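Asks: Below is the structure I would like to discuss, written out as structure tokens.
Read the figures in this text as sums done on the coordinates, not as results from a lab. Since we're looking at a predicted model, the values are computed, not measured. Here the Cβ positions follow ideal geometry from the backbone for every residue, glycine too, while neighbour counts run over all protein chains shown.
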Amino acid sequence: QVQLVESGGGSVQPGGSLRLSCAASGFTFSSYTMSWYRQAPGKERELVAAITSTGGRTNYADSVKGRFTISRDNTKNTVYLQINSLKPEDTAVYYCNARAFWSYWGQGTQVTVSS
């Protein structure tokens, strides 16, 4: 059974940091592009960051460049999102996505940034 399980979300103050993790199972993780998306209530889901199957290339939304870092460990079947300098507008549910021929989604983890 394919599973993507996000963790690491929480409530933090502006300027704080979080590291999100996504643990994958049930498919060949090293063959998939991995991405993080986020969605705030009433808003469109947006791509935050992506990383190719080998980790050779990454891409980021303009709004998070310089603050967010995506990485992966293919020996652990896990993708990470390091989030620094958090802003209130980063508040959203963050979702892990795996894509090759098929696409898989996790259930999401809540990130809340408030003073």
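Asks: Please return the longest stretch of the chain lacking exposed loop sites, where chymotrypsin sites (Phe, Trp or Tyr not before Pro) count only if DSSP places them in a loop and at most 14 other Cβ atoms lie within 10 Å.
Replies: Answer - 1-100.
Asks: Would you mind checking which residues have amide H under 5 Å from residue 16's amide H? H placed 1.01 Å from N; only 5 or more apart, or other chain.
Replies: 86
Asks: If you don't mind, another one. Is the shape of segment 1-40 best called rounded, prolate or oblate, per the rule: a/c under 1.5 gives rounded, else a/b larger than b/c gives prolate, else oblate, with a ≥ b ≥ c the square roots of the Cα gyration tensor eigenvalues?
Replies: Note, shape of segment 1-40 comes out prolate.
Asks: Let me ask something else about it. Return the long-range amide H neighbours of residue 108 (sequence gap of 5 or more, or a different chain), with a cut-off of under 5 Å between placed amide H atoms.
Replies: Amide H neighbours of residue 108, under 5 Å, 5+ apart: 6, 96.
Asks: Right, next: Give me Rg/Rg_expected for segment 67-115, where Rg uses Cα atoms only and Rg_expected = 2.2 N^0.38 Å with N residues. Intermediate values should be presented prior to the final figure.
Replies: Details: Rg = 12.9 Å, N = 49, 2.2 N^0.38 = 9.7 Å.
Relative to the 2.2 N^0.38 Å estimate, segment 67-115 comes out at 1.33.
Asks: Check each of the trypsin sites (Lys or Arg not before Pro) in segment 1-103 and keep only those in coil by DSSP with at most 16 other C-beta atoms within 10 angstrom; list them in order.
Replies: In loop regions of segment 1-103 (DSSP not H, G, I, E or B), the sparsely surrounded trypsin sites (Lys or Arg not before Pro) are 43, 45, 57, 65, 67, 76.
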